[in-house]
Amino acid sequence: MNTNTLSIHTVNTAITSYDFKLLCFAASLWAFDYPFRFPDIVDRIMTALVKYEVQGPVAVITLNSPPVNGLGNGLRAGLLEAYETATQDKAVKAMVIASSAKLFCGGADISEFDSDKAFAKPDLPSLLVTFEASQKPLIAAINGVALGGGMELTLACDYRIALPQAKLGLPEVNLGILPGAGGTQRLPRLVGAQKATQMITSGVPIGAQEALELGLLDKIATGNNFLEEAIAYANALIESNAPVKTCADLSVDTSDLPSDFFAEFRKSIARRTKGFFAPERCIQAVEAAIALPLKEGLEKENQLFQECVVTPQARAQQHLFFAQRAAGRIPGLDPKMAIRDIKKVGIIGAGTMGGGIAMNFANAGIEVKLLEIKGDALERGLNAIKKNYEISAKRGKLTQAQMDANLALIQGTLSYDDLGDVDMVIEAVFENIDIKKSVFKQLDAVCKPGAILATNTSYLDVDEIAAQTKRPEDVIGLHFFSPANVMKLLEIVRATKTADDVLVTVLKTAQRIKKTPVVSGICWGFIGNRMFEPYGREATRLVLEGAAPAQVDKALTDFGWAMGFCSVIDLAGIDVGFFAREGIRDQLAHDPSYQVLCDQLNNMGRFGQKTGRGFYIYEGRDRLEDPEVIEMSSKTAQELNITQREISDKEIIERTIYSMINEGAKILEEGVSYRSSDIDLVFTNGYGFPVHKGGPMQYADEVGLDNVLAAIKKYQSELGSHGDNWFKPAPLLEKLVAEGKSFKDYQTGS
Ligand code: 3HC
Ligand code: NAI
């Protein structure tokens, strides 16, 4: 901004009354000549949540609450005071709402939703109604992302100008709520019901160009000096006597809306939104926008918003939002420490995992050398990668040019000598400790000093692998999930000697390849597979006790899992689970019922889908109940003196989920995981645990740890030796219950 043209209001910035008091205090200190303390206080004032300046006839109201200008109580109060100041100033003819942050506004302050603060005056919906009623034009100057309440703020303005890189979206549905500050009422009035329904139920933002074409933006700026452009635009509007606008004057244009639009739309999202509460309320809100005048529509929106915001689902989804951000924070580590430069990556093994991992790096523009033991395996691996890219290209997910560029970044090799210049290696050979040890010995011999050496092992001891090298500090586990080019989760296994900068480097690298990283300590199966084991143990034991695989699976999918356990193990391979258990056989010798059905199926060569039979029979795309499995379970139960009985869905859920929660408590107490929300990220991103339940640990907090503990104790006493072996409450669970705390309250070491 050209400061020469500023009016006398220039640094009259203190907007909230708290800041005004600070200003007075500062002035008094100035009078008493406190030269050293005064600058601190000026700083505080200059970082007031809202800045207010007047330039000619234009008041510039700047959101100044980085990093995301979350519209918390303070910022809303500041906005209202600034607005009232501009309204009362006769010289002001228009207001520009701008941002001092990199983005425009990330919406309402999500952390306020669990208190009354979110609804304290001035609440966002009423504030925006006030803005909309302004007699002076309001111009939103959208310099970047405007999401949720941030976008709703722009909708209550009369005109919108944006930078080309701006994005507008209403992602509330991902937080288990709906846009509650007019978004569901104003957006359909501006862009029509179809586009609004799609945007509100998907939460996916649109770019500036599309927003302009939809009439959501009035102008895209060049970006040379955005604020100046926005002010010039405001001046032009003043000069042309541009009118103020209000959505209250608009109704939703339904002339092109098919009569069955909402019915069809509901059908189209049914699968994706199964079990979620908010999407249906989003649709009802848009229907209300069509049926009702703005004022009543806003009331309906508010009612639907209130229904959503108190649900366990809303708490769960908001928990996951913060979990995602917390996962990168490692106690005692400075995330800003110098990291190693990763430009070139080596991958050992071009099988199922190696190929997918290679694609992740190529997609991020990082060069890959893919090493195999034999030429034909290498060719197979490279062909599989090419085929995968071709499928994506056919689906329109990438262009031929992008595909060619990605493929050019992946080079195959049969020689370890080619790995001398790579900055990081990820080993993805067979899950066999001796083969992995020999690979790491070779890597130690050829890789340059400082190269990070990672293993994709699912279960093996990363310390033992690291010990094969003379540089265990450079060794770490990077546990990708299958298909590795698709699945978001990346478990980072911090070995005992892993250097801090190696850990921070891989955390940052995970972001570059668009993964959700979660750090785990060393233990059999790390966080995910270790907890999945008792879950699977109970699922199959329930079959032994008389539940059919289909009943177990249905109870689990009704709970919200993407697939039931018996279907999952058939897909992953019963043989794979069999070999994984080999590592813990010595701990299981006392329980002959442990995974006995899986072992029998494995010994019969029924490995699941790949052999056409496992827990189910597979015919084409059909999955059929297998009477032989039911018979086998009945016979085995008799042999083991287990009386088969009717089993309720409640028991299926409690035994499978609570046994994994119990294991999660042990994982927390051992320090394998830093916080319970990390565990929740693992299960919602890697295992198909329902997002709307927030992960197993959040689910336990929601159910109440006392209830979980009581059920565990009940099964311990009711299930004979099985109960006694497996339903031993974790000491941490008992401790938290005794202290009246939840998992959320617990951080490793606390
Ligand atoms: N409320 C509270 N805190 C928020 C927030 C919000 N709306 N958005 C971001 N934050 C916090 C993050 O937790 C993080 O805190 P931390 O540093 O302590 O971990 C910090 O701001 C920075 O966030 P990111 O790391 O995510 O920053 P990015 O630059 O990567 O991304 C963003 C910025 C795209 C805005 C992303 O933060 C985001 O998607 N935010 C949420 C957007 C959203 O869902 N808005 C709807 C809110 S609900 C609403 O508006 C209701 C209304 O309809 C009434
Ligand atoms: P895979 O059998 O599909 O591929 C392994 C590849 O490694 C084969 O192509 C083989 O030729 C190659 N190989 C074997 N020894 C080698 C050596 N000494 N040097 C170079 N190449 C060698 O196995 P997959 O499924 O890709 O698994 C690899 C690793 O990833 C295992 O540790 C596994 O536990 C882990 N993992 C597997 C997941 C899965 O779902 N498949 C999921 C997560 C981890």
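In the stretch 415-430, is there at least one residue being open to solvent by 50 Å² or more (accessible area, probe 1.4 Å), more than 10 Å from ligand 2 (Cβ to nearest atom), assigned to a helix (DSSP H, G or I) and without any contact (Cβ under 8 Å) to a residue 40 or more places away in the chain? Spell out the reasoning first.
Let us first name the residues in the stretch 415-430 that are open to solvent by 50 Å² or more (accessible area, probe 1.4 Å), namely 417-418, 421, 430.
Next cut, more than 10 Å from ligand 2 (Cβ to nearest atom) only: 417-418, 421.
From what is left, the residues that are assigned to a helix (DSSP H, G or I) are 417-418.
Cutting the leftovers down to without any contact (Cβ under 8 Å) to a residue 40 or more places away in the chain gives us 417.
Among the residues of the stretch 415-430, at least one is open to solvent by 50 Å² or more (accessible area, probe 1.4 Å), more than 10 Å from ligand 2 (Cβ to nearest atom), assigned to a helix (DSSP H, G or I) and without any contact (Cβ under 8 Å) to a residue 40 or more places away in the chain, which makes the answer yes.
Got a number for residues in the stretch 444-467 being surrounded by fewer than 23 Cβ atoms within 10 Å (Cβ to Cβ) and more than 9 Å from ligand 2 (Cβ to nearest atom)?
10
Across the stretch 50-63, what is the total count of residues that are within 16 Å of ligand 1 (Cβ to nearest atom) and either of a type in the set (Gly, Ala, Ser) or surrounded by fewer than 21 Cβ atoms within 10 Å (Cβ to Cβ) (or both)? If you could, list the steps in order and put the result at the bottom.
Kept after step one, since they are within 16 Å of ligand 1 (Cβ to nearest atom), are these residues of the stretch 50-63: 63.
Subset that is either of a type in the set (Gly, Ala, Ser) or surrounded by fewer than 21 Cβ atoms within 10 Å (Cβ to Cβ) (or both): none.
So the answer is 0.
Counting only residues that are within 15 Å of ligand 1 (Cβ to nearest atom) and open to solvent by less than 10 Å² (accessible area, probe 1.4 Å), which one in the stretch 156-172 is farthest from the chain's Cα centre (by Cα)?
Only one residue tops the list, namely Ala156.
Could you check how many residues of the stretch 383-395 are in contact with a helix residue (DSSP H, G or I) (Cβ under 8 Å, 6 or more places away or on another chain) and either away from ligand 2 (no atom under 16 Å from the Cβ) or open to solvent by 20 Å² or more (accessible area, probe 1.4 Å) (or both)? Break it down into steps so the answer makes sense when it comes.
Pass one, the stretch 383-395, residues in contact with a helix residue (DSSP H, G or I) (Cβ under 8 Å, 6 or more places away or on another chain): 384-386, 388-390, 392-393.
Okay, now just the ones that are also either away from ligand 2 (no atom under 16 Å from the Cβ) or open to solvent by 20 Å² or more (accessible area, probe 1.4 Å) (or both), so 384, 386, 388-390, 392-393.
Total satisfying the criteria: 7.
Tally time: how many residues in the stretch 630-647 are on the phi < 0 side of the Ramachandran plot, polar (S, T, N, Q) and open to solvent by 40 Å² or more (accessible area, probe 1.4 Å)? Steps first, please.
Of the stretch 630-647, the ones on the phi < 0 side of the Ramachandran plot are 630-640, 642-647.
Now restrict to residues that are polar (S, T, N, Q): 633-634, 636, 638, 643-644.
From what is left, the residues that are open to solvent by 40 Å² or more (accessible area, probe 1.4 Å) are 634, 638, 643-644.
Total satisfying the criteria: 4.
Among the numbered conditions (1) open to solvent by 20 Å² or more (accessible area, probe 1.4 Å); (2) away from ligand 2 (no atom under 14 Å from the Cβ); (3) farther than 20 Å from Arg329 by Cβ, tell me where Ser482 comes up short.
Single failed check for Ser482: (2).
Take the conditions at negative phi and open to solvent by less than 50 Å² (accessible area, probe 1.4 Å) and apply them to Asp622. Does it pass? Full working, then the answer.
Details: at negative phi: yes; open to solvent by less than 50 Å² (accessible area, probe 1.4 Å): no.
Judged against the criteria, Asp622 is not a match.
In the set Lys374, Lys336, which member is within 16 Å of ligand 1 (Cβ to nearest atom) and either open to solvent by less than 20 Å² (accessible area, probe 1.4 Å) or charged (D, E, K, R) (or both)?
Values: Lys374 fails: within 16 Å of ligand 1 (Cβ to nearest atom).
Answer to the check: Lys336.
Would you point out which residue out of Thr246, Thr201, Thr254 is buried (at least 21 other Cβ atoms within 10 Å of the Cβ) and touching a residue at least 60 places away in the same chain (Cβ under 8 Å)? Don't jump to the end; show me each part of the working.
Values: Thr246 fails: buried (at least 21 other Cβ atoms within 10 Å of the Cβ); Thr254 fails: buried (at least 21 other Cβ atoms within 10 Å of the Cβ).
So the residue among Thr246, Thr201, Thr254 that is buried (at least 21 other Cβ atoms within 10 Å of the Cβ) and touching a residue at least 60 places away in the same chain (Cβ under 8 Å) is Thr201.
Restricting to helices (runs of 4 or more DSSP H) lying wholly in the stretch 695-750: which have 1 or more residues that are basic (Lys, Arg)?
Values: elements: 696-703, 705-718, 720-726, 731-738.
In the stretch 695-750, 705-718, 731-738 are the helices (runs of 4 or more DSSP H) which contain 1 or more residues that are basic (Lys, Arg).
Select from the stretch 401-416 the residues that are polar (S, T, N, Q) and out of contact with any helix residue (DSSP H, G or I) (no Cβ under 6 Å at 6 or more places or on another chain) and list them in ascending order. Spell out the reasoning first.
Our first condition is that a residue be polar (S, T, N, Q); within the stretch 401-416, this holds for 402, 406, 411, 413, 415.
Listed by number, the residues that qualify are Gln402, Gln411, Thr413, Ser415.
Those residues that are more than 29 Å from the chain's Cα centre (by Cα) and of a type in the set (Gly, Ala, Ser), I need them from the stretch 385-404; list them, please.
Of everything in the stretch 385-404, just one residue is more than 29 Å from the chain's Cα centre (by Cα) and of a type in the set (Gly, Ala, Ser), namely Ala401.
For the list (1) surrounded by 22 or more Cβ atoms within 10 Å (Cβ to Cβ); (2) not in a helix (DSSP H, G or I); (3) not β-branched (Val, Ile, Thr), I need the number of the one condition that Ala196 fails.
If we test Ala196 against (1) surrounded by 22 or more Cβ atoms within 10 Å (Cβ to Cβ); (2) not in a helix (DSSP H, G or I); (3) not β-branched (Val, Ile, Thr), just (2) comes out false.
Can you tell me which condition Ala221 does not meet? The list is (1) under 26 Å from the mean Cα position of the chain (by Cα); (2) of a type in the set (A, V, I, L, M); (3) surrounded by 14 or more Cβ atoms within 10 Å (Cβ to Cβ), and all the others hold.
(1)
Residues checked against (1) in a helix (DSSP H, G or I); (2) in contact with a helix residue (DSSP H, G or I) (Cβ under 7 Å, 6 or more places away or on another chain):
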{"site": "Asn641", "(1), (2)": "no, no"}
{"site": "Gln644", "(1), (2)": "no, yes"}
{"site": "Ile652", "(1), (2)": "yes, yes"}
{"site": "Glu663", "(1), (2)": "yes, yes"}
{"site": "Ile667", "(1), (2)": "yes, yes"}
{"site": "Asn685", "(1), (2)": "yes, no"}
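How many of the residues in the stretch 326-373 are more than 16 Å from ligand 2 (Cβ to nearest atom) and either out of contact with any helix residue (DSSP H, G or I) (no Cβ under 9 Å at 6 or more places or on another chain) or more than 30 Å from Ser677 (Cβ to Cβ) (or both)?
Restricting attention to the stretch 326-373, the residues satisfying the condition of being more than 16 Å from ligand 2 (Cβ to nearest atom) are 326-344, 362-367.
Right, trim to either out of contact with any helix residue (DSSP H, G or I) (no Cβ under 9 Å at 6 or more places or on another chain) or more than 30 Å from Ser677 (Cβ to Cβ) (or both) and you get 329, 331, 341, 343-344, 362, 365, 367.
Looking only at that region, the number is 8.
Given the residues Val486, Val519, Val462, which is the only one that is closer than 30 Å to Thr273 by Cβ and in contact (Cβ under 8 Å) with a residue 60 or more places away in the chain? Even if it seems obvious, please write down each step before you answer.
Details: Val519 fails: closer than 30 Å to Thr273 by Cβ; Val462 fails: closer than 30 Å to Thr273 by Cβ.
Step by step, each of Val486, Val519, Val462 is checked, and only Val486 is closer than 30 Å to Thr273 by Cβ and in contact (Cβ under 8 Å) with a residue 60 or more places away in the chain.
Say we look at the stretch 181-193 and pick out the residues that are buried (at least 24 other Cβ atoms within 10 Å of the Cβ) and assigned to a loop (DSSP other than H, G, I, E, B); which of these is farthest from ligand 2 (Cβ to nearest atom)?
Within the stretch 181-193, the subset buried (at least 24 other Cβ atoms within 10 Å of the Cβ) is 181-188.
Of the ones still in play, those that are also assigned to a loop (DSSP other than H, G, I, E, B) are 181-182.
Numbers: Ala181: 43, Gly182: 46 Å.
Checked the stretch 181-193; the qualifying residue farthest from ligand 2 (Cβ to nearest atom) is Gly182.
Quick check on this structure: which one of Leu178, Leu153 is in the same structural domain as Asp253 (by TED's automatic domain parsing), in contact with a Ser or Thr (Cβ under 7 Å, 6 or more places away or on another chain) and open to solvent by less than 10 Å² (accessible area, probe 1.4 Å)?
On the way: Leu153 fails: in contact with a Ser or Thr (Cβ under 7 Å, 6 or more places away or on another chain).
Testing whether each residue is in the same structural domain as Asp253 (by TED's automatic domain parsing), in contact with a Ser or Thr (Cβ under 7 Å, 6 or more places away or on another chain) and open to solvent by less than 10 Å² (accessible area, probe 1.4 Å) leaves just Leu178.
Please go through (1) modelled with pLDDT of 95 or more; (2) touching a helix residue (DSSP H, G or I) at 6+ places or on another chain (Cβ under 6 Å); (3) within 13 Å of ligand 1 (Cβ to nearest atom) for Ala118 and return the number of the only condition it doesn't satisfy.
Status for Ala118: all satisfied but (1).
The values are calculated or read from the model by the stated rules, or taken from the named source; none is laboratory data. Just so it is clear, the model here is predicted, and its values are computed rather than measured. Using ideal geometry, Cβ is built from the backbone for each residue, glycine included, and neighbour counts are taken over all protein chains shown. What goes into the accessible areas is simple: the full protein's heavy atoms, side chains included, and nothing from ligands, DNA or RNA. Shrake-Rupley method; radii C 1.70, N 1.55, O 1.52, S 1.80 Å.
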